[in-house]
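The values are calculated or read from the model by the stated rules, or taken from the named source; none is laboratory data. Since we're looking at a predicted model, the values are computed, not measured. Positions of Cβ are backbone-derived with ideal geometry, glycine not excepted, and every protein chain shown enters the neighbour counts. All accessible areas refer to the heavy atoms of the entire protein, side chains included, with ligands and DNA or RNA removed. Shrake-Rupley method; radii C 1.70, N 1.55, O 1.52, S 1.80 Å.
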Amino acid sequence: DTAVSQTPKYLVTQMGNDKSIKCEQNLGHDTMYWYKQDSKKFLKIMFSYNNKELIINETVPNRFSPKSPDKAHLNLHINSLELGDSAVYFCASSQEFSGAYEQYFGPGTRLTVT
Amino acid sequence: AQTVTQSQPEMSVQEAETVTLSCTYDTSENNYYLFWYKQPPSRQMILVIRQEAYKQQNATENRFSVNFQKAAKSFSLKISDSQLGDTAMYFCAFMKKETSGSRLTFGEGTQLTVNP
């Protein structure tokens, strides 16, 4: 009964490659997020989608492109990977308009760029 | 912009004892939420406790409780009867209530080690 799932959990790739991370939630939430956790464990918001519409787009290189095919899925595609993209990427979801506000996180994807 | 500060990068406590983790934040907002998340070595981010700013009563979840001081912009987490499984990185987080897309702003984290 996984609530927020991400695939893959580990991703090792070379500089210059293109890769995608997938996220799915079965909580019936209407809002999904991508956060990045750097090597010092600092977490920062990257993107947020509400019902397939982009509503938060932080200062992130345009090599990062989120896509939400439906409100249960939010994918992250990264072009031309760089060493500095190595991090843990977390997907999260919440139900915005019911008065609930807690964000539930997926298990994270550790991306290593060599 | 909101900022969250956790001034204790590392803390340790003996099993069964009580420990308090500090968090301060800076905001001009009046309507917001505060959270503590736990990240054990498994990497999973787990919600520990939440507090609505408009509530004066401090939130409690079993062995976890908060001391919310709105005027001082302080939000500390107290863990009672510490257990080995409490060993984790603890993050304080702020959320401004938005009409949509309520982002979490995190502190730098406090690594807590519970010793047997």
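Of the residues that make up segment A:15-36, is at least one open to solvent by less than 60 Å² (accessible area, probe 1.4 Å) and of a type in the set (Asp, Glu)? Yes, that holds for at least one residue. For segment B:68-99, the tally of residues that are touching a residue at least 12 places away in the same chain (Cβ under 8 Å) and assigned to a strand (DSSP E or B) stands at 16.
Is it fair to say B:Asn62 is under 26 Å from A:Phe90 (Cβ atoms), modelled with pLDDT of 95 or more, away from every other protein chain (no Cβ under 14 Å) and out of contact with any Leu (no Cβ under 6 Å at 6 or more places or on another chain)?
Values: under 26 Å from A:Phe90 (Cβ atoms): yes; modelled with pLDDT of 95 or more: yes; away from every other protein chain (no Cβ under 14 Å): yes; out of contact with any Leu (no Cβ under 6 Å at 6 or more places or on another chain): yes.
It is true that B:Asn62 is under 26 Å from A:Phe90 (Cβ atoms), modelled with pLDDT of 95 or more, away from every other protein chain (no Cβ under 14 Å) and out of contact with any Leu (no Cβ under 6 Å at 6 or more places or on another chain).
I'd like to check which strands (runs of 3 or more DSSP E) are fully inside chain A and have at least 1 residues that are at pLDDT 95 or above and more than 13 Å from every other protein chain (Cβ to nearest Cβ).
By residue number, A:4-7, A:10-13, A:19-25, A:64-70, A:73-78, A:109-113.
Number of residues in segment A:30-79 that are free of Cβ contacts under 8 Å to residues at least 12 places away in the same chain, basic (Lys, Arg) and over 19 Å from A:Gln103 (Cβ atoms): the value is 2. In this structure, B:Leu34 qualifies as crowded, with 21+ Cβ neighbours inside 10 Å and either farther than 25 Å from A:Thr2 by Cα or under 16 Å from the mean Cα position of the chain (by Cα) (or both).
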